[in-house]
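The values are calculated or read from the model by the stated rules, or taken from the named source; none is laboratory data. Values in this document were obtained by computation on a predicted structure and should not be read as measured data. Note that we place each Cβ from the backbone using ideal geometry, even for glycine, and neighbour counts take in every protein chain shown.
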Number of protein chains: 2
Amino acid sequence: MGTTQLESVPEPKYWHLKTVIGEALDTDFAVGEILPNERDLAARFGVARATLRQALEQLELEGRLQRRRGVGTTVAPPRVGVDVSTTQHQWPGTAEDNWRAQDCATADVPAAVARLLDLDPAAAAPVHTVRRIRLTHGQPVAAEQLYVPASSVPALPAIEAPSGPARARAVLRELQRLTLEGQDRAVELGSARADDARELDRLPGSPVLVVTTRYLSAGRTAAVSLGTYRADTCRLTFGDAGDLQIAS
Amino acid sequence: MGTTQLESVPEPKYWHLKTVIGEALDTDFAVGEILPNERDLAARFGVARATLRQALEQLELEGRLQRRRGVGTTVAPPRVGVDVSTTQHQWPGTAEDNWRAQDCATADVPAAVARLLDLDPAAAAPVHTVRRIRLTHGQPVAAEQLYVPASSVPALPAIEAPSGPARARAVLRELQRLTLEGQDRAVELGSARADDARELDRLPGSPVLVVTTRYLSAGRTAAVSLGTYRADTCRLTFGDAGDLQIAS
DNA sequence: GAGTGGTCTAGACCACCGC
DNA sequence: CGGTGGTCTAGACCACTCA
């Protein structure tokens, strides 16, 4: 090719493909436009479909493509900034914050979460598990599981509907009566569990950004939340970083 | 099988494999232990190697496995928490903060970064680019490219070594003389560029968490940093979240 | 039913590591 | 040098969407 570099370390085909297609996306395609199908693309580049797919997978990982089974591959819009600041010292569910309460149950608590909540592993203390979906521009971008020990919301009326959105909102309401002293937050890469994937309109195993939050009140952990954000479409922002953008 | 659920939606083999192997990791293996090689494992589970690899890839993505060409697949230690709080209002390079200044050049600035810096795209204003590596327990966990417009550090002696670690430290030193008014930060998923991959001891294209930071001083953007964190080994923490842990 | 992306196979060769 | 994971091929079938 026209490279000035000695090909002493030949880069993998899929890597080169990714670069070529990535550049084509910038110049020849508009957001939302449909690419040729994988078989055609593979033939056009003279590679096996598996190799072509490896390149597309990376581009999808970087948020540049969107692939949907039965439909096709489209050029993705820029990632949306989703604010997850810890500075605004607020309980979840306060005011209108783009979350939609889905449900509330008393499901089992993962051991790792139980440890964060300082629960006695043997006691099997009751914990409310609130399920919420975060929407941006009408699209679901995150699913959250919020764990609230019953001891954190002692005044919660037991009579209320035992489950459903109303119950979830009741738990959030009770939580907001406590004094929030701080939040600790962590972000890491994960893959979507089956239930999260369904609500985020993705396939199981899709890459997600897992946001773990610990809510502190009265010197103890009053609640723990496990947020699952679509890694392909989301950019998590802290502070007024709504216009910070990508680079990969 | 013994499932109570109708197998109306059969899960993919690799997904099932991932679950089985993941459970085996918890019970039968210790951190650092070497797994059987891929050909043996595939044969043992009665699947093609490509399918087995798909399962291993996911487990690696979740930080549970570590694979090295020529060596083998080992059980990964838990992810290390890396603090990236924005609250401690500090310039980069202040005191001992686990970063090692590598180099400083006057390389070209990506268009996206130039926009963040409010640079005139036509003017080609000079920008110092500082390269740093972040170490944790002696292991590199992040590579950073810091863009500092020359106008932000006017007093930087032009006479000093034009490149190298000393130059990098000089730029950081000058930066610290400014009043830091705030930082905006964003986190998103990316794939490692070739140079980042080399310094992080990963293959190009490995998943990384890209942390974009904008440093504000005197009402303008004084510097922009692009941090690339290993997604397999890192958990980014905000606040005292060092002991928050995984779930995926 | 036609066309898409998702899964899976059974091979092959290559790049890298450590002995 | 042998053994490891990484790349690549050329097929096949399946699950899904939409006209």
Scanning region A:217-243 for residues that are at negative phi and modelled with pLDDT under 90 gives A:Ser217, A:Arg220, A:Phe238, A:Asp240, A:Ala241, A:Gly242, A:Asp243
For B:Glu199, the lone unmet condition from (1) more than 7 Å from chain A (Cβ to nearest Cβ); (2) within 13 Å of B:Ser225 (Cβ to Cβ) is (2)
Among residues of region B:57-85 being charged (D, E, K, R) and within 12 Å of DNA strand D (Cβ to nearest atom), the residue nearest to B:Arg235 (Cα to Cα) is B:Glu60
Margin query: Suppose the filter is in a helix (DSSP H, G or I) and either under 17 Å from the mean Cα position of the chain (by Cα) or in the same structural domain as A:Gly22 (by TED's automatic domain parsing) (or both); does A:Arg134 pass it?
Written below: no
Expected output for region A:11-39 (first residue more than 11 Å from every other protein chain (Cβ to nearest Cβ), partner within 12 Å of DNA strand C (Cβ to nearest atom) and part of a loop (DSSP other than H, G, I, E, B), Cβ below 8 Å, 6+ apart or cross-chain) is A:Phe29/A:Leu35
Counted residues in region B:78-125 being modelled with pLDDT under 75, under 30 Å from B:Glu62 (Cβ atoms) and within 14 Å of chain A (Cβ to nearest Cβ) come to 3
Yes/no for A:Thr51 being within 16 Å of DNA strand D (Cβ to nearest atom), under 23 Å from A:Arg202 (Cα atoms), outside any helix (DSSP H, G or I) and of a type in the set (Val, Ile, Thr)
no
Sole miss for B:Leu209 among (1) within 14 Å of chain A (Cβ to nearest Cβ); (2) in a loop (DSSP other than H, G, I, E, B); (3) touching a strand residue (DSSP E or B) at 6+ places or on another chain (Cβ under 7 Å); (4) closer than 19 Å to B:Ala143 by Cα is condition (2)
